[in-house]
Amino acid sequence: MGKKSKKKGIEKAHRSSAYPILEISHSISDPLFAAAFHPSANIFATGTAKGYLRLMKYDANKLENAIVQQKEPVSSGAEEELPPWTSIGVYGEEVDLDDVINDDVQVCWKANQHKKSCRDIKFDYEGKHIYTAGHDGILKKTDVETGKAIGETSIEEGSSAITRILTVPNKNFLVVGDEGGDITCYDTKSMKKIYHIAKVHDDTVNCINSCIPKSDYKFVSVGSMTVANWDIRKEKVLHRSEQQDDELFSSCWADQETQKTLLGGMAGGIVTLWKPDLNEFEDQISRININKNESVQSVISAMDSASRFAYAGLSDGKAVKLDVENGQVIDFRNHSNDGTDDVDGLDLDYEYRLVTFGMDKLKIWTNKYDDPDSSEEEDLDSDSDSEFNNTGSDEESENASASDNEEEVQKDKKRALETDKKTKSKNKKAKKNGNPSIRRFEGL
């Protein structure tokens, strides 16, 4: 196990110099429940507690330039030192655009697609259709250009409420998870049920990840206190993990292509690392400690070329950047300055800007910023716990040895940050496996 420093997790991280270029605020009467970003355009959709679906588009360059003209961003300091950003409000049926100049942000259309809350949203991989799941038990297919529903289906009577949906690029699959731990697959053309697996998890399905490109039919999900790997065509669970100490709220592949490492966000403020090649999801291999007093509501790959970095959204309104390879929290940004809005969802727009959202607001963050040079930062030791090396061995030992050498860790971190900034454009947005956000629905 690597040498431990006195500070752990987020206590060791510096504040990121990134700043939001757009903030969408929602009212208490109709909070934000779901959001998804278009795979190839500056367009996004939001769903609310009252079932409203909106499509919005934004001019990222204008938003970036407006902020730079007002005040140059700074790398650290208090909130007031950061530049102002464009902010609009969404209140019930009305959208206040008084503060938006030169059509930087537009509401393309809005539709009351569900009688109850809109629990999840996904674009298809061509960006032509939006799929939504409502607490009214309805799945809807909406045309992106017109906002009109062109297909729908109802879940079977007696079924549990839907929690998560996922679209995939190579098949006409709409994969659905529910509060009872079941998985159901619908045909996106006919909207008819084609596959079903009962009790993949003991309780709520919190997140679903595809195994594309390795398999069009295999998926990994987290729910309750387990990770499960299953084949939808065979309607069979292939592997299910041991019961964990806390509930798993979110998950994502560190690299969708290789699928060597799955990240799991947990209730106890920890991101667990799972390596299916080592133990077929039997148990976690290691973990990254972030904040034991908060829960990890969402996780997403940063989609850097080295597949080294990821983001995690916390219940205290912070979004943190993780060095997965070294088990470190690198930096954080405040989605909610007062900590009242959880980071329930994370996404990347098609130009790799980080998106954070909770019930109160959605923020799009600049991708034009520089982090402080790593030589100026506090020395960082690995925060990953290697108490599970009975499953893994040589790889964990090498990482632990590396963390003992503080100078090497600093060099690795500096090289990684440089690589991250130079090579992000290499990956394609289509690799991203859905939005791994988690919502505590509580009957809504």
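The values are calculated or read from the model by the stated rules, or taken from the named source; none is laboratory data. As the structure is a prediction and not an experimental result, all values here were calculated from the model. FYI the Cβ positions are ideal-geometry reconstructions off the backbone, even for glycines, and counts take in every protein chain you see.
Scanning region 147-159 for residues that are among the hydroxyl-bearing types (S, T, Y) and at pLDDT 95 or above yields T153, S154.
Consider V355 carefully, then state whether it is at pLDDT 95 or above, in a strand (DSSP E or B), within 19 Å of P39 (Cβ to Cβ) and among the aliphatic types (A, V, I, L, M). In short, yes. When you check I270 against the structure, is it under 27 Å from A34 (Cβ atoms), buried (at least 24 other Cβ atoms within 10 Å of the Cβ) and touching a residue at least 12 places away in the same chain (Cβ under 8 Å), yes or no? Yes: the conditions hold for I270. The residues of region 159-177 that are over 17 Å from G134 (Cβ atoms) and over 17 Å from the mean Cα position of the chain (by Cα), listed by number, are P169, N170, K171, N172, F173.
Selection of region 255-266 for residues being surrounded by 18 or more Cβ atoms within 10 Å (Cβ to Cβ) and assigned to a loop (DSSP other than H, G, I, E, B) yields D255, Q256, Q259, T261. What do you reckon, is K260 basic (K, R) and under 22 Å from L346 (Cβ atoms)? In short, yes.
Going through (1) at positive phi; (2) at pLDDT below 95; (3) of a type in the set (D, E, K, R) one by one, D245 falls short only on (1). Under the condition of being at pLDDT below 55 and out of contact with any Lys or Arg (no Cβ under 9 Å at 6 or more places or on another chain), which residue from region 358-378 is surrounded by the fewest Cβ atoms within 10 Å (Cβ to Cβ)? Checked region 358-378; the qualifying residue surrounded by the fewest Cβ atoms within 10 Å (Cβ to Cβ) is E376. If only residues of region 297-340 that are of a type in the set (S, T, Y) and closer than 17 Å to N367 by Cα are counted, the one that is surrounded by the most Cβ atoms within 10 Å (Cβ to Cβ) is S301. Residues that are without any contact (Cβ under 8 Å) to a residue 40 or more places away in the chain and not in a loop (DSSP other than H, G, I, E, B) do not occur anywhere in region 290-310. Restricting region 302-333 to residues that are touching an Asp or Glu at 6+ places or on another chain (Cβ under 7 Å) and among the polar types (S, T, N, Q), the residue that is nearest to I24 (Cα to Cα) is S315.
Can you confirm whether V176 is farther than 26 Å from T226 by Cα and either among the small types (G, A, S) or buried (at least 22 other Cβ atoms within 10 Å of the Cβ) (or both)? Judged against the criteria, V176 is not a match.
Does at least one position in region 199-215 carry a residue that is farther than 22 Å from G264 by Cα, in contact (Cβ under 8 Å) with a residue 24 or more places away in the chain and touching a strand residue (DSSP E or B) at 6+ places or on another chain (Cβ under 7 Å)? Looking through region 199-215, none of the residues is farther than 22 Å from G264 by Cα, in contact (Cβ under 8 Å) with a residue 24 or more places away in the chain and touching a strand residue (DSSP E or B) at 6+ places or on another chain (Cβ under 7 Å). The requirement of being at pLDDT 95 or above, over 28 Å from Y186 (Cα atoms) and outside any strand (DSSP E or B) is satisfied by D277. Quick check on S301: is it touching a helix residue (DSSP H, G or I) at 6+ places or on another chain (Cβ under 9 Å), over 12 Å from A13 (Cβ atoms) and modelled with pLDDT of 95 or more? When the stated conditions are applied, S301 passes them.
Taken over region 164-203, the criterion of being touching an Asp or Glu at 6+ places or on another chain (Cβ under 6 Å), outside any loop (DSSP other than H, G, I, E, B) and either among the hydroxyl-bearing types (S, T, Y) or closer than 18 Å to H239 by Cα (or both) is satisfied by T167, Y195, I197. Among the residues of region 275-296, how many are of a type outside the set (A, V, I, L, M) and closer than 20 Å to W365 by Cα? So the count comes out to 0. Residue selection: K275 satisfies the criterion of being over 18 Å from the mean Cα position of the chain (by Cα), more than 14 Å from I10 (Cβ to Cβ) and in contact (Cβ under 8 Å) with a residue 24 or more places away in the chain.
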